[in-house]
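Step one of this worksheet: look at the structure below.
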């Protein structure tokens, strides 16, 4: 598959063409996802603050935060997307350091995961807020993505990992993180969406077995949480993929899922920070519970 990533928090959207940015299968000219990104919401001193993306619109910018509300120059070339390939090509000789949040192995060398690994860092301290118009969280996000060149199911997956740093100097209360996506499985007019909370997955599929673009037996697409934030929890134990065992901690799973029904309704897309706050808490925009 082919996927477009930008160093401002948006992914799977081609900002140059103004069109979808995830192709599957590779070379087919077909797409199951039009755009994707992420939302971050928390309270600082009792005030809700939000950073998010929708299609090409974003409240993130490239780079790190030097001090609260003082980000580094987002045009600095060191804040590009870095890439490693299993064939030895890519940014092996100019891979960023741990200071910039880049993944490294135990010897401090660039860490290749899968057959292709990419990395960038970005923050929410940009001045031009596109829609939610809150003060910045002073969030610094490090995103690593990787994929495998295989013919089995792993070859049809892209893995993403976020590390989020609070650079505000203040405590974030009631923090929530969400994946936002606009999946269009071929033709966008015949898709349905759902979730399986036991499997921590949200998915989108064709409502019948024939899609205008994909044809018969169209694919389904989903986003699965493999590991959430690790938080204190007495008598629980967290087991990490690398074999690490962490007692008295648990990994938070998926807590809410929403598929907007109408744009201009309590069941629609968020228009302001309070809307985002409710949606990330599993509530409609009027504060009623999603059931």
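The values are calculated or read from the model by the stated rules, or taken from the named source; none is laboratory data. Everything numeric in this text was worked out from a predicted model, so none of it was measured. In this analysis, Cβ positions are derived from the backbone assuming ideal geometry, glycine residues included, and neighbour counts consider all displayed protein chains.
Here the strands (runs of 3 or more DSSP E) wholly within the range 170-229 that include at least 2 residues being under 14 Å from the mean Cα position of the chain (by Cα) and surrounded by 15 or more Cβ atoms within 10 Å (Cβ to Cβ) are 173-183, 201-206, 221-224.
Residue pairs whose Cβ atoms lie under 7 Å apart, sitting 6 or more positions apart in sequence or on different chains, and linking a residue in the range 56-77 that is without any contact (Cβ under 8 Å) to a residue 24 or more places away in the chain and at negative phi to a partner that is in a loop (DSSP other than H, G, I, E, B) and surrounded by 17 or more Cβ atoms within 10 Å (Cβ to Cβ), are 66/72; 72/63; 72/64; 73/63; 76/63.
Number of residues in the range 191-210 that are in contact with a strand residue (DSSP E or B) (Cβ under 9 Å, 6 or more places away or on another chain) and more than 18 Å from residue 24 (Cα to Cα) equals 10. Of all residues in the range 239-280, those satisfying the criterion of being part of a loop (DSSP other than H, G, I, E, B), closer than 24 Å to residue 192 by Cβ and at pLDDT 90 or above are 253, 254, 255, 256, 257. The residue that is nearest to residue 47 (Cα to Cα), among those in the range 122-140 that are surrounded by fewer than 24 Cβ atoms within 10 Å (Cβ to Cβ) and touching a helix residue (DSSP H, G or I) at 6+ places or on another chain (Cβ under 8 Å), is 134. If you filter the range 144-154 down to residues that are surrounded by 15 or more Cβ atoms within 10 Å (Cβ to Cβ) and in contact (Cβ under 8 Å) with a residue 40 or more places away in the chain, you find that the one that is farthest from residue 33 (Cα to Cα) is 144.
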